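The values are calculated or read from the model by the stated rules, or taken from the named source; none is laboratory data. All values reported here derive from a predicted model rather than from experimental measurement. For neighbour counting, all protein chains shown are included, and Cβ atoms are generated from backbone atoms with ideal geometry for every residue, glycine included. Only protein heavy atoms, including side chains, enter the accessible area calculation; ligands, DNA and RNA are left aside. Shrake-Rupley method; radii C 1.70, N 1.55, O 1.52, S 1.80 Å.
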Amino acid sequence: MPRITVNHFACAALAVAFCVFAAPAGAQQEAATSPAQVAHPGDSSVVHAVPPRTDSSSATEAPRATRARRATATVGGTVQDSVAGKPVAGARVELLGTQYYAYVRSDGTFSMGNVPHGVYTLRVLRMGYEPLTVKPFRIPEDVGKLDLSMHRAMLALSEIVVTPGYFGLLMPSLATPQTLSKEQLRTLPQIGEDIYRAVARLPGVSADDFSAKFNVRGGSGDELYVTLDGLELVEPFHLRDVGGAFSIIDIQSLGSASLTTGGFSSEYGDRLTGVFAMQTSDPQTDRMRMSLGLSVMNARLTSQGGFAGGKGGWLVSMRPGYLDVALKLTSVRDSIRPRYYDLFAKAQYDLGAGGRVAMHVLRASDTFRYLQKDDPNIASDYASNYAWLTWDDRFGSRLKQSTVLSAGMLDWRRDGDESKNGLPAALIRDHRTLDRVGLRQDWTFDLTPNTMLKWGFDAKHEAASYDYFSMVRDTKSVGSSIVDTTVIATSPGTNRYALYVAPRVRLLPSLTVEAGARLDHNSILDESIVSPRLNVSWEPREGTTVRGAWGHYSQSQQLFSLQVQDGVSEFARAETAEQRILGVEQALPLGVSARVEAYDRHTTNARPLYTNSSAELWTFPEIMWDRMRVDRTESRDRGVELQVGRSGAGLMDWSLGYALASSNDVVDGRTVPRALDQRHALHGDWSLRPVSNAWRLSVGGVWHSGWPYTPTKLVLDTLANSPTQFVVHVDRTVGDLNSMRLPNYRRVDARFTRYFETSRGRLSAFAEAYNLLGTRNVRGLWKHIEANGRNVQVVTGELDQWPRLPLVGLTWEF
């Protein structure tokens, strides 16, 4: 059957890398005159020293450029607590619509360096404080007036994080190693500028070089609950025939995201390991904005704007991939044709009083072709379509709700054949579909300032169809008799619903407790499971937070995950797990913070797994010689994670993480390590930027223990041995499950990003080296027997992860 190698994609990257990069020239920006105002939440009026501008430009719009020589001024100042007069260290000061930002130092000062003259909106954010806005902010007129003060805001009960293992992403008000800012996330070394690959650098997360799908604390990627703007996504990956190399979500369209690696509360369910929740950006409504991007792996177009006087906004993001074009520029002459694209669009409208409605559409499409005479062939098509309506609203000051009404349709087709010795050796026809409609509501009611009640429901109706046929012929046998045929045609359907309730109480100013319970029902097996949960957050002193979680979790077999390719026609019972997690976060001097967390997850009623023992990227793995069924009965994942670092405290950010973990299954009464079990793992990231934020250099490294693998056994059978004839037959069989270990994995990546302010917008360019040192990392081993005359010998070899890859790209925002 067809096999994809590293060379196919590595050569494509090399070819495109030298065709993309260009160094643009900067341009100038005009000065403008307009009075400054300081706005806090709740301000009802604005007093101008002079009449405001009446032209059509907005204060949130980056200044327009002229052809004159660039005029700049140094922007800096102080930020203090309005009552205590103490510095608000870690606050983020930014000029909206530009790359200029800074974090407040421990002495309360900040500096953005030299900023072009013009009119801006300045915003200051810090967790625990009300947002502060200076609008409009003039340069150079207002640069000497930046002695700012922030009002403390009582942290709402709903804003307290009670879940350990929580990582905030793209959140400007947070600046700790447990978060990744927009600048950090978008400039981390990563293949394909992919949100999934960026998240894979966090503690407790592991991933293969070839796949964007990551695993959380030993659990598979299928055990992660993934949402986009409140909608649950199913297998959100491109190039599924080669492991799902990229996600279908454009990182440039995201406004925030969060990853919870365990102990999630009761509003989430039907998953065992964690929650990955993504939210798209709110459109900027002052004018129409465009962003064009070009990189080695794909192109990008993003557009946004407003309507109805700014009450409404829209956002469109589209990415076509062109690996098929890249392959034509390389020495790889195989007829591999991978094509893919994704399209996201949303329109939202503010109802007033905190209410908003929004319509979203997401489409992803893939085609993969390998058609060549006398070679295995494959033709696959994957289409994922979603449409959903969201409604968020408040009823008074204490009651709020969020509603998601959705519809989705997936249509996957995978066909192939192979011939040997002029006879058909294999034939595959695989077509499956899924239709889903759903309604979800989440409610929050503030009973008192220290008591809150959460409740909600999630209902889905799903209908799937499977039409699978495979035929494998033994071409070695006389007469080429058929040895295996699989035919399954079925159309299952189910109704799923879930109910949850979770009261949260602030027992003390430093102690918050949330107890919850969840009911999940699946009609296809008439199965109902109740899952109790408990989450606690305690701050024994300023700068120290202790979080703990205990709970029961379950995951039913998804309607679209029936393994008909392995002859399975019935659904299995739900898997269940009990989790215990305890974590401590500590703020340290000089802007450094640390986190340590211990977890234990015990899974029972584990379903059998169908997998391949070798590391080959088979396009039809179900008919290969190394296919096996793993009859596990339970599993256990344990570990301790440590992370320390500094973020937002200067021009240099860094973080270092270490994890000691074990992930094991119980198979036939024996404890067997899971395929991605890594006893030790070390991650490190470091970045440097100038005061002006004109560029950013990021370097990352990863090291982990070698993963387990299943060795191959060779069985030699002598068919003829005479003075005139010597014939042997070799069979490959699967050895003891995960009984051997690969060598340790290590990799260093680097990325340099440069920003240019031009007369027509902002241009950013990056150059990246994935696996900078060209380290050879082994992802698997192979062996077979070669016969030369009567001499028979065993030949072995290694399958490698990605080699060194040069990656470049451009983004133009205007």
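Out of every Cα-Cα pair that the range 77-205 contains, those further apart than 27 angstrom amount to 28 percent.
Work out the FRET efficiency for H151 and V361 from their Cβ-Cβ distance, taking R0 = 45 Å, and round it to the nearest 0.05.
E between H151 and V361, to the nearest 0.05, is 0.65.
Other residues lying with their Cβ under 13 Å from the Cβ of D430 contribute a combined charge of -3, Lys and Arg counting +1, Asp and Glu -1.
Extension gain for S111-E570 works out to 158.9 nm (0.36 nm per residue, less the C-alpha to C-alpha distance). With contacts taken as Cα pairs under 8 Å and at least 6 residues apart, the chain reaches a relative contact order of 12 percent. For the range 289-296, 3J(HN,Hα) computed residue by residue from phi via the Karplus equation (6.51, -1.76, 1.60; θ = phi - 60°) reads 10, 10, 9, 10, x, 9, 9, 4 Hz, glycine and proline entered as x. The Y610 and A387 beta-carbon pair, evaluated with R₀ = 30 Å, returns a calculated FRET efficiency of approximately 0.35. Along the positive direction of the dipole of the chain (beta-carbon charges: Lys, Arg +1; Asp, Glu -1; about the Cα centre), which of P540, Q563, Y268 reaches farthest? Projecting each Cα onto the dipole axis, the largest value belongs to P540. Given +1 at the Cβ of Lys and Arg, -1 at the Cβ of Asp and Glu and no other charges, the dipole of the range 159-269 around its Cα centre is 320 debye to the nearest 20.
Surface composition of the chain: carbon plus sulfur atoms contribute 56% of the solvent-accessible area (1.4 Å probe, protein chains only, all chains present). With K and R counted +1 and D and E -1, the other residues having a Cβ less than 14 Å from that of G262 yield a net charge of +3. In the chain, helices alone account for a calculated mean residue ellipticity at 222 nm of -1000 deg cm²/dmol, with every DSSP H run of four or more residues adding -39,500 (n - 2.57). Measuring spread by the Cα atoms of the range 119-173 yields a radius of gyration and Dmax of 15.1, 46 Å. Over the chain, the reciprocal of the mean inverse Cα-Cα separation, the Kirkwood hydrodynamic radius, stands at 28.8 Å. The magnitude of the dipole of the range 377-460, with charges of +1 and -1 set on the Cβ of Lys/Arg and Asp/Glu and taken from the Cα centre, is near 260 debye. Axis of helix 6-20 versus longest Cα principal axis of the chain: the two differ by about 30°, to the nearest ten degrees. Across the range 682-814, the fraction of Cα-Cα pairs farther apart than 24 Å, rounded to a whole number, is 57%.
The heavy atoms of K311 present about 110 square angstrom of accessible area, all protein chains included, probe 1.4 Å.
One chain, two ends: F445 and A459. Fully extended at 0.36 nm per residue, the span grows by 2.9 nm beyond their Cα-Cα distance.
What does the charge count near A572 come to, summing +1 for each Lys or Arg and -1 for each Asp or Glu among other residues with Cβ under 13 Å from its Cβ? Show your work: numbers first, answer last.
Values: positive: R573, R607, R629, R632; negative: E527, D566, E570, E575, D631.
With Lys, Arg at +1 and Asp, Glu at -1, the neighbours total -1.
Extending 7 Å from the Cα toward the beta-carbon at both T78 and R369 defines two label points whose distance is 6.8 nm.
To the nearest Å, what is the center-to-center distance of the range 629-677 and the range 75-147, using C-alpha atoms only? If you average the Cα positions of each part, the centres end up 40 Å apart. Taking a straight line from the alpha carbon of K346, these aspartates and glutamates sit under 13 Å away, with near neighbours fewer than eight places off in the same chain left out: D229, D282.
With a Förster radius of 25 Å, plug the Cβ-Cβ distance of W654 and L773 into 1/(1 + (r/R0)^6) and report the FRET value to the nearest 0.05.
0.80
Given the pairs K400/K454; K135/K182; K86/K145, which span a C-alpha to C-alpha distance of over 20 angstrom in this model? Checking Cα-Cα distances, K135/K182 exceed 20 Å. Site pair A379 and S303 shows an inter-label distance of 3.4 nm when each label is modelled 7 Å from Cα along Cα→Cβ. Potential lengthening of the chain between Q586 and A71 amounts to 181.1 nm, from the contour at 0.36 nm per residue minus the alpha-carbon distance.
When a/c reaches 1.5 or more, the comparison of a/b and b/c decides; with that in mind, is the range 628-707 rounded, prolate or oblate per its Cα gyration tensor? In terms of gyration-tensor shape, prolate. Only the Cβ atoms of Lys and Arg (+1) and of Asp and Glu (-1) were treated as charged; on that basis the dipole of the chain about its Cα centre amounts to roughly 1820 debye. Of the residues T775, F752, S692, the one whose Cα sits farthest towards the positive end of the charge dipole of the range 670-814 is S692 (charges of +1 on Lys and Arg Cβ, -1 on Asp and Glu Cβ, taken about the Cα centre).
Note that the range 510-587 presents 41 Å² accessible area per residue, ligands and nucleic acids not counted, probe 1.4 Å. Taking label points 7 Å from Cα along the Cα-to-Cβ direction, V794 and D435 give a separation of 5.5 nm.
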